[in-house]
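Asks: Structure provided below as structure tokens; questions to follow.
Values in this text are rule-based calculations from the coordinates and carry no lab data. Bear in mind that the values here come from a model prediction, so they are computed numbers and not experimental data. Cβ placement follows ideal geometry from the backbone for every residue including glycine, while neighbour counts extend to all protein chains displayed.
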Amino acid sequence: MSAVPSPGGEGEGEGGPIVHPGDAYTRLEQLGAQLEAGMKGAAKSAGLPVQFNRCGSMFCAYFADRPVDNLADAMKSDRERFKRFFHGMLAGGIYLAPSQFEAGFISTAHTVESIDRTISAAVKAMKNL
């Protein structure tokens, strides 16, 4: 399942933008960094403690005020708040993994615009938590 909406539009191949194989990892890193910055900004503007762990195009958000490095740390996070966040994102048209113990993934089919839509939905969802 896609973490952010699938793109469409002019100048793109079927299913997403045309990416040369050598550029794929660079593009995924850029999109991942964009998503990370936007999610952290959304949490900050809502006054929520969020740890956004990311490695390249894989990510996971935890509602916690301390770094999450292992299962014990993850178990201390606010899972009920994540549940409400998940439903807020779903209402905003963004499907994330329904458990904070699952990773989300960005693919080369995603665009800057689809990440922007995800961040916009996160801003709204986090303000309603």
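Asks: Hey, rough spin-label estimate for Val112 and Ala37, points 7 angstrom out along Cα→Cβ, what's it come to in nanometres?
Replies: 1.1
Asks: Ranking request for peptides 110-123, 29-42: highest mean number of other beta-carbon atoms within 10 Å first, then the rest in descending order.
Replies: Result, highest mean first: 110-123, 29-42.
Asks: Please give the FRET efficiency for Ser45 paired with Met75, using the beta carbon to beta carbon distance and R0 = 22 Å, rounded to the nearest 0.05.
Replies: Given R0 = 22 Å and the Cβ-Cβ separation, E is 0.25.
Asks: For the residue pair Ala97 and Arg66, what label-to-label distance in nm results when each label sits 7 Å from Cα along the Cα-to-beta-carbon direction?
Replies: 2.3
Asks: If you don't mind, another one. Please compute the modelled spin-label separation between Lys124 and Lys83, points set 7 Å along Cα→Cβ, answer in nm with one decimal.
Replies: Those two pseudo-labels are separated by 2.3 nm.
Asks: Rounded to the nearest 0.05, what FRET efficiency do Asn53 and Asp23 give with R0 = 25 Å and r taken as the Cβ-Cβ distance? Could you check?
Replies: It comes out at approximately 0.50.
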